[in-house]
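I have placed the structure first, in the form of structure tokens, so that the comments after it can refer back to it.
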Amino acid sequence: MTLPTILKPKKNYDLVRFGRDNDGGYLVSKKTILVTEYLISFGILDDTSFENDFLKTNKIPTICFDHTINKSYWKKRFFNDIGAAIYNLNFKYIKNTIDRFFGSKNFFKLSNVKLLNETVSNGYIKKIINKENLKKNIFFKIDIEGSEYRLLEELIEFQDIICGLVIEFHDIDLHIEKISNFINSFNLTLTHVHPNNYGAVDPNGNPTVIELTFEKNPPEILGNPNFPNLLDQKCNPNSKDIELKFN
């Protein structure tokens, strides 16, 4: 069996890559980035590269949510990576952690950026919109390891003031009906789909984790969409990529 065509962008769109190489980078149009007035990011962990590239293009108010980022997280991360470096005789683990630590630290020093160490739950989108008095052109990044399904109804409720969304869906073999219903009810255009090869494949060889980009009025370009897009990269560079096969 193959993936349902509702997961396949219908046209070719003018996209650029924001974020680091491999896992953490997403494809979205620069036009959408430039019209955004507020960036809300659910799920940061140790990587602020997407948000950092976003703000280099459009310096707007940004609020990030992640309950895992605290002093104990970084202590455990350094300890684990030192152990991995010694065991593998490869000290890139420590260097990567140091680079990400200072990258995150510098990012959250920006005056227009806030980090809230809170767990995302039902009602969070409405809470933010009301608290910040947001009226239009909100961009959401959602990478919260399965909790994304708790936010779908609110994304639909406030879709008229959303200009862009990148979202990672987990266990899509179990939740394909929820995802399909969301896409059918969401009035933004699906502009990109990418398999995350850190996730498993189902018995048919399809990905169980995918990344989707939605945009309002995205710029189109000639030609048919390619899967993978020329700007796509394997999330896990050391594993085989997953081919997307549609009905």
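The values are calculated or read from the model by the stated rules, or taken from the named source; none is laboratory data. These numbers were taken from a predicted model, which means no experiment stands behind them. Cβ placement follows ideal geometry from the backbone for every residue including glycine, while neighbour counts extend to all protein chains displayed. Just so you know, the surface numbers come from the protein's heavy atoms only, side chains and all, with ligands and any DNA or RNA stripped out. Shrake-Rupley method; radii C 1.70, N 1.55, O 1.52, S 1.80 Å.
A compact table of results
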| quantity | calculated |
| --- | --- |
| Qualifying positions in region 179-193 - hydroxyl-bearing (Ser, Thr, Tyr) and either open to solvent by less than 10 Å² (accessible area, probe 1.4 Å) or touching a Pro at 6+ places or on another chain (Cβ under 8 Å) (or both) | Ser180, Thr189, Thr191 |
| Any chance Ile144 is assigned to a helix (DSSP H, G or I), of a type in the set (A, V, I, L, M) and surrounded by 15 or more Cβ atoms within 10 Å (Cβ to Cβ) | no |
| Hits in region 7-27 - residues which are closer than 14 Å to Pro225 by Cα and open to solvent by less than 40 Å² (accessible area, probe 1.4 Å) | Leu7, Pro9, Asn12, Tyr13, Leu15, Leu27 |
| Neighbours by Cβ (under 6 Å, 6+ apart or cross-chain): first from region 30-48, over 12 Å from Leu116 (Cβ atoms) and touching a residue at least 12 places away in the same chain (Cβ under 8 Å); second basic (Lys, Arg) and open to solvent by less than 10 Å² (accessible area, probe 1.4 Å) | none |
| Members of region 45-54 found to be open to solvent by 20 Å² or more (accessible area, probe 1.4 Å) and either under 18 Å from Cys163 (Cα atoms) or not in a helix (DSSP H, G or I) (or both), listed by number | Leu45, Asp47, Asp53 |
| Every pair of residues 6+ apart whose Cβ atoms lie under 7 Å, when the first sits in region 219-247 and is at pLDDT 95 or above and part of a loop (DSSP other than H, G, I, E, B) while the second is surrounded by 14 or more Cβ atoms within 10 Å (Cβ to Cβ) and of a type in the set (Gly, Ala, Ser) | Pro219/Ser29; Gln233/Gly25 |
| Pair list, Cβ under 7 Å, 6 or more apart: region 148-160 residue under 20 Å from Ile44 (Cβ atoms), other residue aromatic (Phe, Trp, Tyr) and modelled with pLDDT of 95 or more | Glu148/Phe169; Leu155/Phe186 |
| Where Asn184 falls short, out of the listed (1) in contact (Cβ under 8 Å) with a residue 60 or more places away in the chain; (2) under 22 Å from Asp47 (Cβ atoms) | (2) |
| Scan of region 115-131 for residues that are assigned to a helix (DSSP H, G or I) and surrounded by fewer than 17 Cβ atoms within 10 Å (Cβ to Cβ), ordered by number | Lys126, Lys127, Asn130, Lys131 |
| Exclusive hit being among the polar types (S, T, N, Q) and surrounded by fewer than 17 Cβ atoms within 10 Å (Cβ to Cβ), set Asn196, Asn229, Asn206, Asn217 | Asn217 |
